[in-house]
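Working notes, structure below.
The values are calculated or read from the model by the stated rules, or taken from the named source; none is laboratory data. It should be emphasised that the depicted structure is a prediction, and the values quoted were computed from it without experimental measurement. Note: ideal-geometry Cβ built from the backbone for every residue, glycine included; neighbour counts use all protein chains shown.
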C-alpha cells in the first residue's frame, strides 16, 4: 500500500479507530491520516492515541485524500456527505456503513470508484471478517489497497454482487450476536445444573474457541466433526436429538434469513 497517499475518515468511531490503529501500526504516517469527527471527546482521543489530525467539520484538508473511508452511522450518511463533497478530490471511497448502497455513495460523492465493506465486531481486536464488494470501476490495484487497509481488522472475503453483502450481513455481520446468544444459553444451563456463572462462562468460552479452532484447522466438514463427537445413545446424541426435535437448526436458518431481509430493508430506507 502506498503510505504516501493520505486517507480521510469520515467518522471516528470504533471501526474507524480499528483501521487507524492498524494503519499506524503498519507504519502509515499520522500526518497522512485525516479524521472528520463532530465529537470533541472522540477527536481528542484519536489525536492523543494515534497522533492524527482530527477535525470537527469537513474542510480543504480533504483534498489531500487518495482514499476516503466512510464510517458514520447509516442514517447520518447524507448529512455527513453534504459538507464533504465540495472538498473531496477524485478519490477511492471505502464504506464500512451497513445498508448504504454504492449507488448512494456515488450520488453523494461524485466518485464511481467505491468499495463496500461489511465488517463485524471482532474486527476491533483484529479477529474479524469482512465481506467486500467493489464496483466495476475499481482497479485491481485499488482492490488490493483496500484489502491491505482492512487487514488489521482480520480476514476479508470478496463477493461478486453487491446484493450478496446482505447475506454477509446476516451471516457474519450479525454473527457475533448469535455466538454470544448461545454462550448466554450455555451459562444459564450451567447454573441450572449446579455450576457457578463463572464456571459456565469459562467452560462455554473455551468450548467455542476450541471447537472453532479445530474446525478451522481440519479438512473435514463440520458435519463430520459433529458426527465424531456423537455416539448413538450417548450424551451428545441426547442433546442433538433434543435440538432436532425443537427444530433449532431450522429456526437458526430462518433467523439469518430474517437478518438478510432486514439488511435489504435498511438498504431501501437509507441506501438509495
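What the table shows:
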{"item": "Filter result (in contact (Cβ under 8 Å) with a residue 12 or more places away in the chain and either surrounded by 14 or more Cβ atoms within 10 Å (Cβ to Cβ) or closer than 21 Å to residue 229 by Cβ (or both)) within the range 183-210", "result": "183, 186, 187, 190, 200, 201, 203, 204, 205, 207, 208"}
{"item": "Selection within the range 52-63 - in contact with a strand residue (DSSP E or B) (Cβ under 6 Å, 6 or more places away or on another chain) and either part of a loop (DSSP other than H, G, I, E, B) or not assigned by TED's automatic domain parsing to the domain that holds residue 76 (or both)", "result": "52, 58"}
{"item": "Residues of the range 223-272 satisfying the condition of being in contact with a helix residue (DSSP H, G or I) (Cβ under 6 Å, 6 or more places away or on another chain), part of a helix (DSSP H, G or I) and within 20 Å of residue 174 (Cβ to Cβ)", "result": "256, 259, 260, 263, 264, 270"}
{"item": "Test set (1) surrounded by fewer than 23 Cβ atoms within 10 Å (Cβ to Cβ); (2) in contact with a strand residue (DSSP E or B) (Cβ under 6 Å, 6 or more places away or on another chain); (3) under 23 Å from residue 17 (Cα atoms) - residue 79 fails condition number", "result": "(2)"}
{"item": "Hey, residue 51 touching a residue at least 40 places away in the same chain (Cβ under 8 Å) and closer than 30 Å to residue 155 by Cβ or not", "result": "no"}
{"item": "All positions within the range 34-51 that are out of contact with any strand residue (DSSP E or B) (no Cβ under 7 Å at 6 or more places or on another chain), surrounded by 15 or more Cβ atoms within 10 Å (Cβ to Cβ) and under 18 Å from residue 76 (Cβ atoms)", "result": "42"}
{"item": "Answer from 12, 27, 66 - the residue that is in contact with a strand residue (DSSP E or B) (Cβ under 7 Å, 6 or more places away or on another chain), in a loop (DSSP other than H, G, I, E, B) and in the same structural domain as residue 97 (by TED's automatic domain parsing)", "result": "12"}
{"item": "Helices (runs of 4 or more DSSP H) completely within the range 69-174 that count 1 or more residues being under 19 Å from residue 264 (Cβ atoms) and modelled with pLDDT of 90 or more", "result": "77-85, 102-109, 164-168"}
{"item": "Residue check, residue 268 over 17 Å from residue 185 (Cβ atoms) and at pLDDT below 95", "result": "yes"}
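One line per residue, one yes/no per condition, for (1) more than 23 Å from residue 239 (Cα to Cα); (2) surrounded by fewer than 17 Cβ atoms within 10 Å (Cβ to Cβ):
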{"site": "133", "(1), (2)": "yes, no"}
{"site": "136", "(1), (2)": "yes, yes"}
{"site": "164", "(1), (2)": "yes, yes"}
{"site": "169", "(1), (2)": "yes, no"}
{"site": "181", "(1), (2)": "no, yes"}
{"site": "224", "(1), (2)": "no, yes"}
